[in-house]
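One structure is given here, and the rest of the page talks about it.
The values are calculated or read from the model by the stated rules, or taken from the named source; none is laboratory data. On a predicted model such as this, the values are computed, not experimentally measured, just so you know. Here the Cβ positions follow ideal geometry from the backbone for every residue, glycine too, while neighbour counts run over all protein chains shown.
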Amino acid sequence: MNKSFNVSLLPGDGIGKEISAEASKVLEWFNQNSELKINLKEELVGGASIDKYGVPLTDETLKSISNCDAILLGAVGGPKWENLNFEKRPERGLLKIRKELDLFANFRPAIVFDALASSSTLKTEVIKNLDILIIRELTSGIYFGEPRGISQIDQNNKRGFNTLAYTTEEIKRIAEVAFEAADTRSKKLCSVDKANVLESTELWREVVTDVSKGYPDVKLSHMYVDNASMQLVRNPKQFDVIVTTNMFGDILSDCASMLTGSLGMLPSASIGAKKNNKCNAMYEPVHGSAPDIAGQGIANPLAMILSIAMMFKYSFLNLEYFNLINKVVNKILNNGYRTKDIFMEKNNLISTQEMGNLVIEELENEKI
Ligand code: IPM
Ligand code: MG
């Protein structure tokens with residue numbers, strides 16, 4: 001099995017930089033202490049790239065990251081760049097990576113860590129042991145549909161428009177990924193759409209149902225997105241794997257992440273088909289660049305570190321180290337150490353750096 005990997009680290013903006021520094025330490029630890037050889041190359045994206053090059057992602061950076069085995073991204077965006085015109089904004093850098101590398105399958109787990117069950121705003125019994133996986137289509141739908149724009153109707157009236165469209169092929173490939181994932185879990189898949197109103201998702205439902213015939217062991221259900229958002233808050237444990245469109249997935253995954261009470265803990269993976277040897281995977285925390293707390297050393301690096309774990313699992317096919325990182329994180333939480341975002345009375349409050357150091361310390365304690 002391949003043990004040598006090129007990884008592009010894109011810290012981005014805000015707390016992205018601070019949590020990336022901790023992620024680097026963890027990767028370096030694996031370099032020194034395991035058979036993995038991880039060749040890390042840092043690149044600019046988002047506001048950091050705008051400041052230096054005037055664009056959120058340069059062609060050179062895109063080319064460079066296309067040639068690596070996996071991308072690890074911190075977060076992009078911040079008030080400094082909010083007034084830039086649409087094409088220049090930090091978020092466009094992220095969307096461009098997704099689209100250009102065709103990272104169509106976005107895995108967003110929402111897991112409640114035992115030690116954090118009481119930090120949710122929902123009753124503990126509703127969310128304890130929650131472990132759901134939202135699979136969001138990431139490179140099509142209303143985010144990318146054409147035509148799009150803002151046109152002038154008359155002097156005082158404009159029209160803003162976007163297009164929600166899905167092809168059979170696009171739905172089929174994300175559905176297959178979702179059925180495969182459901183097959184390895186509790187064999188329950190809920191497809192979320194708005195088939196009662198939107199033709200694009202009427203087709204979505206039709207194609208997902210078709211694909212289900214190849215997975216007789218997986219129990220498929222369908223739900224309208226408005227109902228799904230309500231059910232997620234009412235009784236989230238009825239779900240295991242959810243598959244949905246780009247836009248619905250954006251919204252539902254934020255909702256699901258807050259069920260866990262710890263947005264700062266959640267990693268994600270965006271994966272595409274391996275084509276022409278191009279990079280097909282990007283890993284990033286679900287949280288954003290949090291400009292309000294950036295630079296203070298209080299951000300939680302665990303979502304970023306758990307994103308490394310996902311990289312080990314999905315890109316390096318190394319379940320052992322995936323489990324190892326998860327074990328270490330659980331242990332740290334069980335021992336009461338918390339960054340400010342997940343701090344509760346009687347916990348030990350620690351900084352971003354101290355959390356990174358603790359992860360290293362606990363890795364040292366595990367014999368690998
Ligand atoms: C996300 C974010 C992005 C999205 C933004 C930053 C473009 O909200 O990854 O969920 O809307 O996809
Ligand atoms: Mg979002």
Among Ser270, Ser289, which is within 12 Å of ligand 1 (Cβ to nearest atom) and over 23 Å from Ile142 (Cβ atoms)? Ser289
Residues located in the stretch 268-302, provided they are in contact with a Cys (Cβ under 9 Å, 6 or more places away or on another chain) and within 16 Å of ligand 2 (Cβ to nearest atom): none
Consider Leu198 carefully, then state whether it is more than 16 Å from ligand 1 (Cβ to nearest atom), modelled with pLDDT of 95 or more, buried (at least 22 other Cβ atoms within 10 Å of the Cβ) and not assigned by TED's automatic domain parsing to the domain that holds Ala294. no
From the set of residues in the stretch 212-267 that are among the acidic types (Asp, Glu) and touching a residue at least 60 places away in the same chain (Cβ under 8 Å), which is farthest from ligand 2 (Cβ to nearest atom)? Asp240
Does Leu40 meet the test of being without any contact (Cβ under 8 Å) to a residue 60 or more places away in the chain and either more than 16 Å from ligand 2 (Cβ to nearest atom) or out of contact with any His (no Cβ under 6 Å at 6 or more places or on another chain) (or both)? yes
Would you kindly identify the helices (runs of 4 or more DSSP H) lying entirely within the stretch 54-140 that contain at least 3 residues that are farther than 18 Å from His287 by Cβ and assigned by TED's automatic domain parsing to the domain that holds Leu44? 59-66, 90-100
List pairs: first in the stretch 93-120 and under 23 Å from Asn334 (Cα atoms) and within 15 Å of ligand 2 (Cβ to nearest atom), second among the acidic types (Asp, Glu) and not in a strand (DSSP E or B), Cβ under 9 Å, 6+ apart or cross-chain? none
For the stretch 69-92, name all the residues that are away from ligand 1 (no atom under 14 Å from the Cβ), in contact with a strand residue (DSSP E or B) (Cβ under 6 Å, 6 or more places away or on another chain) and not hydrophobic (A, V, I, L, M, F, W, C). Asp69
Those residues of the stretch 201-238 which are more than 16 Å from ligand 1 (Cβ to nearest atom), among the polar types (S, T, N, Q) and assigned to a helix (DSSP H, G or I) amount to Thr201, Thr209, Ser212, Asn227, Gln231, Gln238
So is Lys278 away from ligand 1 (no atom under 15 Å from the Cβ) and in contact with a helix residue (DSSP H, G or I) (Cβ under 9 Å, 6 or more places away or on another chain) or not? yes
Would you confirm whether or not the stretch 243-250 contains a residue that is within 26 Å of Ile342 (Cα to Cα) and either within 16 Å of ligand 1 (Cβ to nearest atom) or modelled with pLDDT of 95 or more (or both)? yes
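When the stretch 221-280 is examined, which residues are found to be basic (Lys, Arg) and under 17 Å from Ile127 (Cα atoms)?
Residues satisfying the conditions are Arg234, Lys237.
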